1. Once the piece of chain linking GLU380 and THR249 is laid out straight, how much longer is it, given 0.36 nm per residue of separation minus the C-alpha distance between them?
2. Between ASP197 and VAL160, what is the spin-label point distance in nm, taking each point 7 Å from the Cα along the Cα→C-beta axis?
3. Please list, by residue number, everything in segment 324-365 whose backbone N is under 18 Å from a paramagnetic label point 7 Å out along Cα→Cβ of ARG309.
4. In the structure displayed, which of LYS199/LYS306; LYS199/LYS279; LYS213/LYS279; LYS192/LYS308 lie more than 18 Å apart, Cα to Cα?
5. Quick check: the distance between the Cα centres of segment 316-358 and segment 164-183, to the nearest angstrom?
6. Once R0 is set to 30 Å, what does the formula 1/(1 + (r/R0)^6) return for the Cβ-Cβ distance between ASP266 and ARG102, expressed as a FRET efficiency to the nearest 0.05?
7. Calculate, in nm to one decimal, what LEU140 and ARG124 gain on full extension: separation in residues at 0.36 nm each, minus their alpha carbon distance.
Amino acid sequence: METVILAVVIAVVVLGALGGLVIGSRRKKPLPPPPPAAPDITAPPAEPHVGDEAETPRDEPRRTIEEVDLPDGSAPVAVEEPPAVEAPEIEIPEPTAGRLVRLRARLSRSQTALGKGLLTLLSREHLDDETWEEIEDTLLTADVGVQPTTELVERLRERVKVLGTRTPVELRGLLREELLKLVGTDVDRVVKTEPADRKPGIVMVVGVNGTGKTTTTGKLARVLVADGRTVVLGAADTFRAAAADQLQTWGERVGAHTVRGPEAGDPASVAFDAVKEGKEMGVDVVLIDTAGRLHTKTGLMDELGKVKRVVEKHAPLDEVLLVLDATTGQNGLVQARVFAEVVDITGIVLTKLDGTAKGGIVIAVQRELGVPVKLIGLGEGADDLAPFEPEAFVDALIGD
């Protein structure tokens, strides 16, 4: 019995010890941290509204209306005026009378090879067949053309044979006479701008790309203004972006009004409006610049005929000037032939005659079309377009 009691006591003690250990371990375990307190959130400053200050207003002393210095009204308040747009300065073109004579030196620099070459050959002691062949070659090289060359050589051979002695003065006079016959001195070379029964005169300028057509139209306006005429320009070249601006600049320099239309617009419409405004303004001449075109493009050439027909609803054209680049030589004759089939060419303008061009092209193109050269271009200057004067031209060819 005592043994059982002892065992029970031991069991109770053991169980008590184990319970104490469990309770002790539970007391030593750390408690979880308390939840964090909610942070203090500071609201951002509100965006300033119109009229509000960006900063927090501060207490500052303010002046009363009596303390503010106000203008007494004795001095006027200056109001700055916007800068005025200056009108382009009107230029006074160089007079056209004798202009080619003044430009003769420029022409002769590149053209005297023809005249000097012929005079050198004609001055030989014996003019045999070989020499005459050289004379023919010289003329052909100068773009005179086959038929005019044959005629000139035949007349020269006959006159030299009759003349006998050939001093330099006699040879020069002989060559001058024969060249003048080929160039033509009895042809009317005046640009028709003064119809007797109406105003204005109407001039249309045509040509292929790159011949200087728009520039020539602007220079022709200067020629007319220099002669005391009033001008309206029609920018009917609507296919080249800068053409209308270029023509308007030329017009502004001499006080000529320019009629233009939208880019890529109908050129016939622009030409029609130009003549209409010219009549309303009472000007003397309307110059119509047309789009450059390749002579091989049938559609574009037909359109040129349309421009002519539309313009003639107002009045007949007084002049149709064909602009040719003198440096193209015989190729220019092909262009001239095609243009003459579409519109009635009444005159030729030869440009770039001061460069590598041969003077004989004047004779060849007149013979090809049966119309006279009326104007020639002798440089890039504004007044380098001159009325064609046969005597001054031939004198420049053969030199002094």
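Any read-out appearing in this document is the output of simple, stated calculations on the displayed coordinates, not a laboratory observation. What you see is a predicted model; the values in this text were computed from it and never measured. Don't worry about glycine lacking a Cβ; one is built from the backbone with ideal geometry, like all the others, and counts go over all protein chains shown.
1. Using 0.36 nm per residue and subtracting the Cα-Cα distance, I get 45.6 nm.
2. Result for the modelled spin labels: 5.3 nm.
3. Only 339-345 fall inside the zone, counting backbone N under 18 Å.
4. Distance filter (> 18 Å) returns LYS199/LYS306; LYS213/LYS279.
5. 29
6. Taking R0 as 30 Å, the efficiency between ASP266 and ARG102 is 0.15.
7. Here the answer is 3.8 nm.
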